1. Return the label of the correct value of semi-axes √(5λ) of the Cα gyration tensor in Å, as calculated from the structure shown, out of (i) 29, 21, 13; (ii) 52, 13, 5; (iii) 22, 13, 12.
2. Give me the percent of accessible area attributable to carbon and sulfur for the chain, probe 1.4 angstrom.
3. Using a 1.4 Å probe, what is the accessible area per residue for the chain, in Å²?
4. What residues of the range 33-70 lie in the reach of a label at residue 19, counting those whose backbone N is under 18 Å from a point 7 Å from the Cα along Cα→Cβ?
Amino acid sequence: MSNRKQPQERPYPVRLTPELAQWVKARAKAGDRSLNAEINRLIRQAKEAEQTYYTACHESGIEPIIPTEK
């Protein structure tokens, strides 16, 4: 068994609007998670949902709708 430490991820500062910050903090507290863990969980869920959507489109022969910047 190795005693090597895994490389730590570099901090990535994120600015949230007060409304989003309050929402994420409430979700983190309700889930007994840190703010960082909750943000990572939410982003991971969004990524998985996007991948599921594109896979379903591909398998159905449907052209996916590409989101555009507003």
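The values are calculated or read from the model by the stated rules, or taken from the named source; none is laboratory data. Since we're looking at a predicted model, the values are computed, not measured. When we count neighbours, we look across all protein chains shown, and the Cβ atoms used for this are built from the backbone with ideal geometry, even at glycine. Calculation scope for accessible area: heavy atoms of the full protein, side chains included, ligands and nucleic acids excluded. Shrake-Rupley method; radii C 1.70, N 1.55, O 1.52, S 1.80 Å.
1. Correct label, based on the coordinates given: (i).
2. Answer for the chain: carbon and sulfur cover 54 percent of the accessible area.
3. 104 Å²
4. The answer is 70.
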